[in-house]
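Before any comments, here is the structure.
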Amino acid sequence: TIGDCYMASCGVPSPRPDHAAAIADFALDVRALCEGRSFRGHRLALRIGVHSGPVIAGVIGQHRQLYDLWGETVNTASRMESHGEPGEVQVSAATASLLADTHAIRERGSIEVKGIGAMTTAFIVGRREERPAGDAPPAAGRR
């Protein structure tokens with residue numbers, strides 16, 4: 001936890017080829033968990049941000065040891081959250097390109113990001129339907 005935020009990572013410390021899809025699925029699950037819920041009469045609407053790239057990781061502290069991540073990737077992911085929209089999962093172009101085969105993406109376009117400048121971003125709409133290669137989608141009206 002970082003203040004009023006929660007940070008999660010995937011592919012650290014053990015790399016995995018599906019890191020972007022795994023964290024996107026996590027983000028969508030968290031968003032779905034909060035949809036339609038309220039706390040003390042206030043509707044919950046999270047902003048979630050995702051960015052992909054290299055990080056520096058290590059254990060800090062002598063009395064209370066913590067595993068932590070640093071670097072521009074962490075900073076950019078934080079900016080994806082803070083410059084996002086309530087109820088949306090905003091991703092950088094780097095992450096959107098990694099999700100092209102697994103998730104439906106809605107382009108947001110270029111936004112001005114504090115400390116970075118103009119960035120092309122998108123929102124994750126959901127997971128793409130998985131069909132075996134060569135299978136056509138069901139015809140309209142067929143179930």
Please note which strands (runs of 3 or more DSSP E) are completely contained in the stretch 49-116 and include at least 2 residues that are over 16 Å from the mean Cα position of the chain (by Cα). 56-60, 66-70, 103-113
Exactly one of these conditions fails for HIS83: (1) modelled with pLDDT under 95; (2) surrounded by 14 or more Cβ atoms within 10 Å (Cβ to Cβ). Give me its number. (1)
Could you check the stretch 38-50 and list, in sequence order, the residues that are open to solvent by 50 Å² or more (accessible area, probe 1.4 Å) and on the phi < 0 side of the Ramachandran plot? SER38, PHE39, HIS42, ARG43, LEU44, LEU46, ARG47
Sort through ALA104, ALA21, ALA100, ALA93 and tell me the only one that's closer than 25 Å to GLU129 by Cβ, at pLDDT 90 or above and in contact with a Leu (Cβ under 9 Å, 6 or more places away or on another chain). ALA21
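Listed here are the residues, each with its yes/no results for (1) closer than 15 Å to ARG127 by Cα; (2) at pLDDT 90 or above.
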site: MET7; (1), (2): no, no
site: GLY11; (1), (2): no, yes
site: PHE26; (1), (2): yes, yes
site: ARG31; (1), (2): yes, yes
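When the stretch 76-125 is examined, which residues are found to be of a type in the set (Ser, Thr, Tyr) and farther than 13 Å from ALA20 by Cβ?
THR76, SER78, SER82, SER110, THR120, THR121
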Note on the stretch 4-37: residues part of a loop (DSSP other than H, G, I, E, B) and surrounded by 11 or more Cβ atoms within 10 Å (Cβ to Cβ) are TYR6, MET7, ALA8, SER9, CYS10, GLY11, VAL12, ARG16, ASP18, GLU35
Filter the stretch 1-29 down to the residues that are over 10 Å from the mean Cα position of the chain (by Cα) and either closer than 20 Å to HIS103 by Cα or aromatic (Phe, Trp, Tyr) (or both) and list them by number. TYR6, CYS10, GLY11, ARG16, PRO17, ASP18, HIS19, ASP29
Would you please list the contacts, defined by Cβ atoms under 8 Å and residues six or more apart or on different chains, that run from a residue in the stretch 117-136 that is more than 23 Å from ILE48 (Cβ to Cβ) and open to solvent by 100 Å² or more (accessible area, probe 1.4 Å) to a residue that is modelled with pLDDT under 95 and not in a strand (DSSP E or B)? ARG131/PRO137
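Is it true that GLY141 is more than 20 Å from SER9 (Cβ to Cβ), out of contact with any Leu (no Cβ under 7 Å at 6 or more places or on another chain) and either modelled with pLDDT under 95 or not in a loop (DSSP other than H, G, I, E, B) (or both)?
So GLY141 passes the test.
The values are calculated or read from the model by the stated rules, or taken from the named source; none is laboratory data. Because the structure is predicted, anything quoted here is derived from the model rather than measured. Backbone-built Cβ (ideal geometry, glycine too); neighbour counts: all protein chains shown. Accessible surface areas use protein heavy atoms only, side chains included; no ligands, DNA or RNA. Shrake-Rupley method; radii C 1.70, N 1.55, O 1.52, S 1.80 Å.
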